[in-house]
Structure formats: structure tokens, C-alpha cells
Amino acid sequence: MNKRDRNTKGKESKSQTRRLPGPGGGRHRGLGGERAEDTKGAFNRIWNYLRKESRSITLVFFLVIGATTCNLLGPFLMGRAIDSFIARGDIAGLARMALLMVSVYLGGSFLNWLQTFIMVGVSQRTLREIRSDLFRKLQELSLSFFDERPHGELMSRMTNDVETINLTLTQSVTQLISSLLTVLGVVAMMLVINYKLALVTLLTVPLVALIARYVARYTRKAFSEQQRNIGDLNGLIEETITGQRVVKLFCREREMLERFEQRNEDYRTSSTRAGVLASLMGPLMGLVNNLSFAVVAGVGGWMAVGGVATVGTIAAFLNYTRQFGHPLNRLASLYNTVQSALAGAERIFEIIDQEPELQDEPGAEPIEKVKGEVTFAGVDFSYEEGVPVLKNVSFRAEPGEMVALVGPTGAGKTTIVNLLTRFYDIDEGAIYVDGKDIREIEIDSLRSQLGIVLQDTYLFSGTVEENIRFGRLAARKEEVEEAAKKANADRFIRHLPRTYETELSEEGANLSQGQRQLISIARALLADPAILILDEATSSVDTRTEIHIQKAMKKLMKGRTSFVIAHRLDTIRNADKILVIKGGEIVETGTHGELLAKEGFYHELHNSRFQDADVINQ
Amino acid sequence: MFKLLSYVKPYWKTALLAPLLMALEVTMDLLQPRLVQRIIDVGIGEMKMDVVFTTGGLMIGAAFVGVVGGVGCSVFAIATSRNAGADLRGRLFEKIQQLSFGNLDEMESGNLITVLTSDVNIYQRAVAMGLRILVRGPLLMIGSLTMALITAPGLSWIILVALPLVIFLLLFLNRKVAPLFRTVQEKLDKVNTVMRENLSGIRVIKSFVRSDYEIDRFGEANRDYMAINRKARRIMGVVMPLVGLILNMGIVAVIWFGGRGVVAGGYRLGQIVAFYNYLLRLLGSLTMIGMILINLSRAVASAERMAEILEKEPDLEEAIEEGSKDDPQVKGQIEFQDVSFSYRGDGGKPVLEGIDLTVRAGETVGIVGPTGSGKSSLVYLIPRLYDPTAGRVLVDGKDVRKISKKALRGGIGFVMQETILFARTVRENIRFGKPAASEEEVRQAAQIAQAHQFIKELPAGYDTSLGQRGINLSGGQKQRLAIARALLINPDILILDDSASAVDMKTESQLMKAIKAVERDSTTVIIAQKISTVKDAERIVVLEDGRVAGQGNHSQLLRDNEIYREIYASQRGGEGDNDE
């Protein structure tokens, strides 16, 4: 089924592809929107997944608390070591303190490791769940979903967005907790040790907050602009390179270069600005840190001289000041990371929340041993409201008949077979298989009675045998080979490096078009369906393979009801019934001879194609 | 990598300032523990209040000077890197414009795109980081080492123990985890492949009712990926705490041994405090250096890819010339004199051999032949997209190698087999070859190409924006736009390479009629798979295996040429239907 055919049908007047709403749909390269629309919602959804791991997460929570506590104890113990033991010359006490410190640090490291170990497991499992659900959901969605969205965008959601969540879950969550705890803990410890010095030291905090907000605001703006510019730049690059041959053919190199230089320059300025602003954070934080250092040393020293503080206190405070700066910085950057992760999550859940395609109606039954009688009765159909694609289509195919569908591009041929496969539901009328309305048949059961061979063969990265067996999973090797022989494929398969065990590359790209067609015919032969759908659209195939394909198709069609979107005169001439479709209606029906005699639309079509029909018969 | 450093050279002034300012910052940073030592030992120890304050003041001063250094370094480092990056990017783009079709064949466009985008950015970041941290890391390391040794030489053995341990761990991490991450990428690729295949083949999957099978297939890839990801990250989760542990053990050692030293009278308290501060900075600088190394290896890989492109010799003179429209126009006679051709990198398999062919100005010639017979290659030689390996291609009696590109290609309208449009409006796409074309010219071209009708029905008509590669149009519509594009430049030679394959029969015949009417005086070369397309040409050339296997009009060939008959038969499906 030529996707393009169907796409233009209802869409010739609406050639914009519909995009999913939400940030980042479209031109952002590799970077989706930066902010989720509904942060809470997205967060809750992720939480739903994490809930399955609640025991592990609780454990991790406590481990992080433990590890952070150990980290916080370190400086405190050191302060005590200095004051209580070194200053007083108590070696034994010092020894005890040293041992205590060793155990605290060991414990901290151990807890840290354990926490990471568990969290990695949790996050990886959760991600696997999300990916799996996404994939499952895709299998359930209707065809229009896939046709309306550029594959690149879907892939981006499934790869980039999932990866962003990956990073967040693995690192950000624990870093968040430990940073928060550290900050709180440091403040607490400082207050406990010497509240006066602590208060003085903490005066720098508002300074930090102020600087951070100021810088962050400008940085964010500069960043958006940079991202915009890089999107434009990369877009131009991609376009020019993929279209390089056309650029050369039309001598447009100069113009492309000028456009490029413009965008390159824009990017240079905005990325310099963004880069500088982003890098300010570090030194400024360092400044504040060093100022705190100075304050601690100066004020602490003054207090020590006055007997209100000890050297140990100063030592501990110096250490704590150091510990304070990092988490604050990290919290700021975490904020952004988490935001983009949530935005990504939102896009993923958008897919998962989509309406699945047609479901079985209640009371639908499976169907077996189909004879292959197909009837369309007064079928009306449109892909979009008010844009009718099929009007009052009625015909009947007896079991085993070969029905050829002919007509101009976009007339509705592909749509008819789409409806038969029940990829869409009709608006009016009914479709019967063996006298039963297909709406009363279980969809999977209906489809397993159909076989399709399309121009776009879908082969996958497995062995040749696996690809053929796709038609009937339970088939034995002999049956697979039998089908291949009938499809005239066996000969070339035996010439492949590993014959039937040869691995195909993605989408079967290491075979020629013609060979792929033959395999897809073999696959359909193996499936042995009662009703066959065949799209004969020719592609660039060499003569010999072309003949093989034709012969194979003929064999395939024997004994089944076949619907052929026909392109070869021979097929049309041998059809039991030809449906001439124009503008969504069947304008003429009959055999080749009957239709020619009518001298109507078919006659006209036929002549414009094959003027020397009789010359060949000399 | 080092060759690419030349792009930094024009900015050597700022490039030099950056590390100098960084040195300033590092120096100030290293002063701090020393000053603290003074406060503790002299100010507090000897109860000298004024020392406390003056030293405190010095610390504040040093902090400010330091930040000037730090910020200044950043600014210059980043500015330099962005400038160098922009220059490099521009040069790469220019270079790519100069590459010939032959060169482009050897390089995947996906690759080129990645190089221009991702690799240049990696280079940029590496330069920025290099100018900042490359100096900071080692300077800090050497500085803190020195200061630590000066401060308390008796404790320096602690450094000698801790340092190698940390270095070892960081190297171990690099060696063990790097290859693992490569495998992670492979497994991720597999997951993505299954996804992609499902996206494009969903119709078949549903029709054969194979969703469960695909879910299983995906599940397997998913599990594999998860497992290896978990493994890699867990290894990382071991190393980092270990490094931290060593750090902390160092501190305990300082407290213990230093403390004893103080009690025994050999050390002063301030020394100890300063010493462990230097120790912390030292080990911190090691981690910094470790990070640099990891990033550097990435940058080297990128640099290699970029250098490859920059050093490529275009195999055709593709200089972006000026050439003007007033150059003598091409009239349209084409001649192939004993032309042979093979693509590079194909093992020299000859695609064309000994082609002798003349096309008169104004003639309409069809070219047919089985797949791989060399049809497209033949016409690629006319606008000199490739050079023949032997023989000459002449246009209007002049070797195409001697005609200016602008004149040659300006007179040839070429429609390739694979349609490529740009993300611009329909009008701009049609005008691509002649941006100054009038509205009337655009419309005319579209009408001849049988495209005007459907363009009018688009939401914004000629102003409709096409998505990347024109994806919202059908194949037939895209082809017709490409034909309009070629017609617009009023070419004297029109070459259509199987350009109407996706267009239905009726439209195609109208198209051909229209083209014929307009291009009466120009030479038209039509390559077709279907004989019906070229049936009415004045002359049809049959190619097989790179040689001319026959020439003549349709009836002559049907009568005299076996290959032609065979092809015609297969397309009508006439003969051979009784064989098994």
C-alpha cells in the first residue's frame, strides 16, 4: 500500500503534517523543549513507575542519609581531634578519634557505593519498563498515527527523551537528596559547633543566592538563543549536505555559503555569550567560597584570640565551608536537568496516552477456514471529516477470483484494501467476508486470513529464514524452503554467503529491491492466506528478476481471492474482474474485453499507456 | 588534533591570556591555606590580633584578585574557542561545497552532518576546556604539591602513598569503562534499529498480526541494553567512592601523624591545617585531570574526522567560480567520444565502456536499459558531475572540462532520480536555479510540469512551506516540483533521469507532451525504466552493461533489437506466462 498514495488522498488540501502538541515539536534538533507543560503531572507519571521499586528506593533514601551523615561527621570529628586531643597532647585520645574517623569514612564510602549500586538497578529497570510500554503502545496505535508524524520525531522521543530520563533517574535523584541533606547538615553542624561564627559565615548565603539567580536568568536567556541559533545552523547544514548534489547542479554554492556564514556568525556570538555567562558561575562561587574562608579565618581567629572559639572550630568550619559550596551549585544545575527530563517524560507519556486503534467490538468472533468471498456494500469512507475518499463503493469478489484495481493515483485503490484489512472503519455501508460483516470478526483473526505483498517490502534484521517464516511462525524449515522455491527466490538465496542463515541488515538493505520482493512473496506464500492483497507498483528491477517476480506473483494468486493494485497489462488482462476507480468511485467494472468495448474511461487509460498493444503479437 | 590547533592561531593573543589569568587564579587559590596557617600559628598561637586582621584582609584581597583571574580566563578561553570553532566550521562547509560528486559518494551525508555539527562542537569545547583546565589542573597539582612539601615536609610521605593510588584508580576507570560504553552504544543501536523497523513497517506487522513477535524481539534487545548499561554504571559506582575514601584516609593520616608531631613539638597546628588543605586540593586536581583526559580522547577522535575532510582533494575542479550568465550559452549538442567511466572505490568496475554517441541540438533522446547498465552514469558526465576515465564528453563541440561551470550547468536542467527539495516555500524551491525569476515564470514552469494544479490546492499555494526534504508531498508531486525547478532556468539541455516514476500514467503522458511542446528547440535526454515513457522519442538508445546496444526509434528497435524487445515484453507481461 503506497503510503504516499493514501497520504495525499485526504490531505491534498492539507499538506501540513499534524504534530503532537507540546514543546519541541519540530525544528529543535536533538533537544526537545526545555520545560514540561505540566511538571507535576509528568512527575507523578514517572513516580508511578518508580512505585514498583518503592522498597529499593526507601532503602536508597536511608543509605543516602547515612552516607551524607558520615560526610558531615568528618569535619566535626576533625575539629574535635584538634581541640580535644592534639591541643591537649592526648595521644591516646587522638588515636581513638583517628580510628573513629577511619570507620566513619569507611562507612560513608561503603554506604555511597551501596546506594549507587541499588539505584542503578532501580533506574535501569524502570527505564526498561518505560521503553517496553512505549513499544507495546506503538503496536496498538492506528496507522494514521504513524502516517501523520515524521518518523524522525517519533524516534527522537523514543531515544533521546528516554535517555534524558535515564540520566535523571540514575544520578540526579540521589544527588538531589544528598545535596539537600549536605546543605542542611552543614548548616546544622556549624550552628551546633559555634553558632556565632556560623551566623557570620552564613551571611554569605544570601549573597550566593542573589548571584545565582541573577546569573541564571541571563544564562537561561542566552542559552535559549544559542539553542535557537544552533537549531537553525544545524538545519541548514543538514539540508545543504543532503541536497548537495542539487546545490551543485544549480550552481548555488555561493548562496548556500553566504546563508551559512550568516548563521555561523549568529551562532558564534550567541554561543560565546551563553558560554561566558555559564562559566561565570564557577569563579563567582569560588569567590564567595574564598570570602567565606577569609571570614571564617578572620572572625574565627579574632574569636579564638578572645577565647570564644578554638582552632579546632576554625579547622572544622573551613572544611564545612568547602563542603557547602558544591551542593549549592549542583542543586542549581540539577534544577535544569530535572526540568528537561520531565519535559521529555511528558512527550513520552503523550504517546502512551494515545487512543489505540480499532478495538474488537463486543461479541466479535474469530473466523476460520475462510473461503474468500468478499463483498463491499455501499461503502463510504473519509480519512478526515468532510473529505470523502470513497463513495458508495460496491462490488463482490467470489472465492478465488482475481480482482484488479486500476485508476489514477490517489483515486482510492489503496484505501479499499486498507478498509478490507480493517485498518480503518468505514463511515457508511458494510464489508463482508464470507457473508460476515467484518466488524463482527475479531481483528487479529480477520487479518490472519489476509496476506499482503506491498511495494515497500518490510524485511527486518534477522536471517532470510526468519523473514520468510514471518508469514507463519510455526512453519518448518522444509516448508520455508518450499515457499521460497515457489517464489523463485530459492535460487538466489542459495547463492548468498550463508544461504537461508544469511543475516539481513536493517530493513533488508543488503539485498536488491527485486530480491526483497521475491522474499516478501515467499513470505506471503508461506502464510497461505485465503485473501491476498498485492500492490504491483513497479520499481527499478532488472528484466530477469522482473520476470521471476511476475511468475511468482501468478503462482501466489492461484486459488485465492486476490486484490491487485495492478500496473502490468498482463495482470489486468487476465483478471477475472477489473474495478476501475476514479475519484473514489467505481466507474466501470468488467473484464478487459468488456471494458475495452465500452470505450469509456478504461479504454482511454489503456490507450494512453499501451498504444502498440498489437505490435507485439507479430 | 594538532593540525587543527592552527585555527586557534589567529586568536593567539586571547589564547595566551587565558592560561595566564588562570595561573593568577591558581596562585591566589594556593595562597589561602598558607594565610590560614599564619592566622592560626601566628595570630591565634601568639595572640596577635592585628595579624589576624591583616591576614584576613589579605585573604579577601586574594579572593578578589583570584576571581578576576578566573573570570578573565573563562572569557578569553571561551571567546577563543568559539572564534576558532566558527572558522573551522566555515572552512569545513566551504570544503564540502568544493567536493565533487565522486567525493560525496565516498562519504555518507550523515557522517558529514555529524562532523559539521557535533564534531566541531566537541572541538570547541575541548579548546575552551584546554585553555582553562589544562593549565589549572597541572598548575594546581604542582602548586599544592610544592606548598604541601614546604608546609610540612615530614608528612609528605602521605602524599607519596595517596597520589599513585588515585592515579591508578582513575586510569583503571578509563581503561575498564571506556570499552564498556562502546558496547553500550552498540546495544542501544540495536534497540533503536528494532524501533525504526517497526515504525516503518507497521503496516506489514499489523497485517501479518505479528505484534507479539515484535514485542518479544524488542524485549530481548531492551533487556540486553539494560544489562550492559547497569554493568557499566555499577563499575563507575565503585571507583568514585574509592577515590573519595583515599582522600579521607589521607586526612586521617595527617591528623594522626601530624597531631603526634604537634604534641611532640615538631609541628604547629596551623601547619597541619594548611597541609591537609593542600592535600585536598592536590587530590581534587587529579580528578580534574582525569576528566580532561576522557574529554580529550573524544576530541581527538573528532579532530581526526575533521582533518580527513579538510585534507580531501576534490577530484574535480569544483572551485566556486564566478562565471557569469553572459558566458556563451550552451546550444545543446552533446557528444560522447569513446567514453569510459568507472566510479572510484568500486574496484574500478567499468560502468561505461567505449561509448560513442552524438545527440544533435534540439533532439529528444530516450535512454533505456536494464538496471545497472549505466544510464544515470552516462548523463552525469554531461554537466560534468564526474569526469570520464577515458575519452571525452563534448558539449557544442567543446570539451566540458573547458567550459566554465556556471555556463555549463546554467544551460543544463537536470532532474535526478531521487528528488531532493529544500525546507522552503514551493515558490522558492522552484526558483532555486534562478532566484530572480518572476512570478509568471514560476507559474509557467509549474504548469508545464503538471504541478500548478496541485500547488494551487495546497493550504498556502506557492507560499506553502515544505518540510525537510518536502515530506508532506507525495512522491509524484515532489518529482513534478523538481521538474518545474529544472524547467525554470530555461535550459538548452534538459535531462530527466527516471523523473516521473511515481507519477501515474495519465499525468505522465500529459507531462511529456507539455515538455515536448516547450522544449522543442532544446535537447532533451530522458532516461526511463518504462519504455512507454520514451516510446515517442525521436531516438532511443539502448544501453546494456555500459555499452550502447542499439539505437533507433521505437518501431525500429522492436524489430531489430532483442534486448529492447525483452524489456518491452517484461513490462507488458506478455510473453512467458506459460512457463513454470
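Within the range B:155-173, work out how many residues are surrounded by 15 or more Cβ atoms within 10 Å (Cβ to Cβ) and of a type outside the set (Ser, Thr, Tyr).
Final tally of qualifying residues: 10.
One line per residue, one yes/no per condition, for (1) within 11 Å of chain A (Cβ to nearest Cβ); (2) free of Cβ contacts under 8 Å to residues at least 60 places away in the same chain; (3) surrounded by 19 or more Cβ atoms within 10 Å (Cβ to Cβ):
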position: B:Arg89; (1), (2), (3): yes, yes, yes
position: B:Leu92; (1), (2), (3): yes, no, yes
position: B:Leu99; (1), (2), (3): yes, no, yes
position: B:Leu104; (1), (2), (3): yes, yes, no
position: B:Asp119; (1), (2), (3): no, no, yes
position: B:Ala126; (1), (2), (3): no, no, yes
position: B:Ile133; (1), (2), (3): yes, no, yes
position: B:Gly137; (1), (2), (3): no, no, yes
position: B:Met147; (1), (2), (3): no, no, yes
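What do you reckon, is B:Glu335 free of Cβ contacts under 8 Å to residues at least 24 places away in the same chain, at negative phi and not in a loop (DSSP other than H, G, I, E, B)?
Here the answer is no, as B:Glu335 does not meet what is asked.
Pairs, please: C-beta under 6 Å, at least 6 apart or cross-chain, first residue farther than 21 Å from A:Asn48 by Cα and in the range A:142-171, second outside any loop (DSSP other than H, G, I, E, B) and β-branched (Val, Ile, Thr)?
From residues that are farther than 21 Å from A:Asn48 by Cα, the pairs are A:Phe146/B:Ile202.
For the range B:347-380, what are the residues that are among the basic types (Lys, Arg) and under 36 Å from the mean Cα position of the chain (by Cα)?
At the first step, the residues of the range B:347-380 found to be among the basic types (Lys, Arg) are B:349, B:360, B:375.
The answer is B:Lys349, B:Lys375.
Among the residues in the range A:299-306, are any out of contact with any Phe, Trp or Tyr (no Cβ under 9 Å at 6 or more places or on another chain), surrounded by fewer than 21 Cβ atoms within 10 Å (Cβ to Cβ) and under 30 Å from A:Trp47 (Cβ atoms)?
No.
Please enumerate the residues belonging to the range B:15-58 that are under 20 Å from B:Gly72 (Cα atoms) and either free of Cβ contacts under 8 Å to residues at least 60 places away in the same chain or surrounded by fewer than 18 Cβ atoms within 10 Å (Cβ to Cβ) (or both).
Listed by number, the residues that qualify are B:Leu16, B:Leu17, B:Leu20, B:Leu21, B:Ala23, B:Leu24, B:Thr27, B:Met28, B:Leu31.
I need the helices (runs of 4 or more DSSP H) fully contained in the range A:134-193, keeping only those with at least 1 residues that are in the same structural domain as A:Ser54 (by TED's automatic domain parsing) and closer than 30 Å to A:Leu420 by Cβ.
A:143-148, A:151-156
So in the range B:411-461, with the set limited to residues that are exposed (fewer than 15 other Cβ atoms within 10 Å of the Cβ) and at the interface with chain A (Cβ under 8 Å from one of its Cβ atoms), which one is modelled with the lowest pLDDT?
My answer is B:Pro459.
If A:Arg149 meets every condition in (1) of a type in the set (Lys, Arg); (2) farther than 24 Å from B:Glu220 by Cα; (3) surrounded by fewer than 18 Cβ atoms within 10 Å (Cβ to Cβ) apart from one, which number is that one?
(3)
What number of residues within the range B:176-216 satisfy the criterion of being among the acidic types (Asp, Glu) and at the interface with another protein chain (Cβ under 8 Å from one of its Cβ atoms)? Don't jump to the end; show me each part of the working.
Here is the first cut: in the range B:176-216, the residues among the acidic types (Asp, Glu) are B:186, B:189, B:197, B:212, B:214, B:216.
If we keep only those that are at the interface with another protein chain (Cβ under 8 Å from one of its Cβ atoms) as well, we get B:197, B:214.
So the answer is 2.
Given the residues A:Arg80, A:Arg45, which is the only one that is assigned to a helix (DSSP H, G or I), more than 10 Å from chain B (Cβ to nearest Cβ) and farther than 25 Å from A:Phe324 by Cα?
It is A:Arg45.
Suppose we filter A:Thr321, A:Thr337 for residues that are out of contact with any Pro (no Cβ under 8 Å at 6 or more places or on another chain), assigned by TED's automatic domain parsing to the domain that holds A:Ser172 and surrounded by fewer than 19 Cβ atoms within 10 Å (Cβ to Cβ); which single one remains?
Answer to the check: A:Thr337.
Being buried (at least 17 other Cβ atoms within 10 Å of the Cβ), at pLDDT 80 or above and away from chain B (no Cβ under 12 Å), is that true of even one residue in the range A:203-221?
Checked against the condition, which is being buried (at least 17 other Cβ atoms within 10 Å of the Cβ), at pLDDT 80 or above and away from chain B (no Cβ under 12 Å), the range A:203-221 yields at least one hit.
So which residues in the range A:461-514 are touching a strand residue (DSSP E or B) at 6+ places or on another chain (Cβ under 8 Å) and either outside any loop (DSSP other than H, G, I, E, B) or surrounded by 19 or more Cβ atoms within 10 Å (Cβ to Cβ) (or both), if there are any at all?
A:Ser461, A:Thr463, A:Gly471, A:Tyr500, A:Glu501, A:Glu503, A:Leu504
I need a count of the residues in the range A:266-281 that are free of Cβ contacts under 8 Å to residues at least 24 places away in the same chain and either aliphatic (A, V, I, L, M) or more than 7 Å from chain B (Cβ to nearest Cβ) (or both).
Matching residues across the range A:266-281 total 2.
Has the range A:341-359 got at least one residue that is within 14 Å of chain B (Cβ to nearest Cβ), over 30 Å from A:Ile165 (Cβ atoms) and part of a loop (DSSP other than H, G, I, E, B)?
Yes, the conditions are met somewhere in the range A:341-359.
Exactly one of these conditions fails for A:Ser448: (1) touching a Leu at 6+ places or on another chain (Cβ under 9 Å); (2) more than 27 Å from A:Arg491 (Cα to Cα); (3) within 8 Å of another protein chain (Cβ to nearest Cβ). Give me its number.
Here A:Ser448 meets the rest and fails (1).
Which one of these does A:Ser394 not meet: (1) outside the structural domain of A:Glu442 (by TED's automatic domain parsing); (2) surrounded by fewer than 16 Cβ atoms within 10 Å (Cβ to Cβ); (3) of a type in the set (Ser, Thr, Tyr)?
Every condition holds for A:Ser394 apart from (1).
Just to be sure, is B:Val262 more than 9 Å from chain A (Cβ to nearest Cβ), modelled with pLDDT under 85 and under 30 Å from B:Pro153 (Cβ atoms)?
On the way: more than 9 Å from chain A (Cβ to nearest Cβ): no; modelled with pLDDT under 85: yes; under 30 Å from B:Pro153 (Cβ atoms): yes.
No: the conditions fail for B:Val262.
Check whether at least one residue in the range A:279-292 is farther than 22 Å from B:Val68 by Cα, in contact with a helix residue (DSSP H, G or I) (Cβ under 8 Å, 6 or more places away or on another chain) and either at pLDDT 80 or above or crowded, with 19+ Cβ neighbours inside 10 Å (or both), and report yes or no.
Scanning the range A:279-292 turns up no residue that is farther than 22 Å from B:Val68 by Cα, in contact with a helix residue (DSSP H, G or I) (Cβ under 8 Å, 6 or more places away or on another chain) and either at pLDDT 80 or above or crowded, with 19+ Cβ neighbours inside 10 Å (or both).
Out of B:Ile202, B:Ile235, B:Ile215, I need the residue that is in contact with a helix residue (DSSP H, G or I) (Cβ under 8 Å, 6 or more places away or on another chain) and more than 20 Å from A:Val162 (Cβ to Cβ). Which one?
B:Ile235
Quick one: what pairs do we get from the range B:455-482, first residue in a helix (DSSP H, G or I), second among the aromatic types (Phe, Trp, Tyr) and modelled with pLDDT of 80 or more, C-beta under 8 Å, 6+ apart or different chains?
Close Cβ pairs satisfying both conditions: B:Ile455/B:Tyr462; B:Gly470/B:Phe422; B:Gln477/B:Phe454; B:Arg480/B:Phe454.
Would you confirm, using the coordinates I've provided, whether A:Ile426 is more than 14 Å from chain B (Cβ to nearest Cβ) and either under 20 Å from A:Asp360 (Cα atoms) or surrounded by 16 or more Cβ atoms within 10 Å (Cβ to Cβ) (or both)? Let's see the steps before the verdict.
Details: more than 14 Å from chain B (Cβ to nearest Cβ): yes; either under 20 Å from A:Asp360 (Cα atoms) or surrounded by 16 or more Cβ atoms within 10 Å (Cβ to Cβ) (or both): yes.
The answer is yes for A:Ile426.
Residue by residue through the range B:497-552, note down the ones that are in a strand (DSSP E or B) and of a type in the set (A, V, I, L, M, F, W, C). I'd like the intermediate steps shown before the answer.
Pass one, the range B:497-552, residues in a strand (DSSP E or B): B:497, B:523-527, B:539-544, B:547-552.
Within the range B:497-552, B:Val525, B:Ile526, B:Ile527, B:Ile540, B:Val541, B:Val542, B:Leu543, B:Val548, B:Ala549 qualify.
The values are calculated or read from the model by the stated rules, or taken from the named source; none is laboratory data. Because the structure is a prediction, the values reported are computed rather than measured. Positions of Cβ are generated from backbone atoms using ideal geometry, with glycine treated the same way; all protein chains shown enter the neighbour counts.
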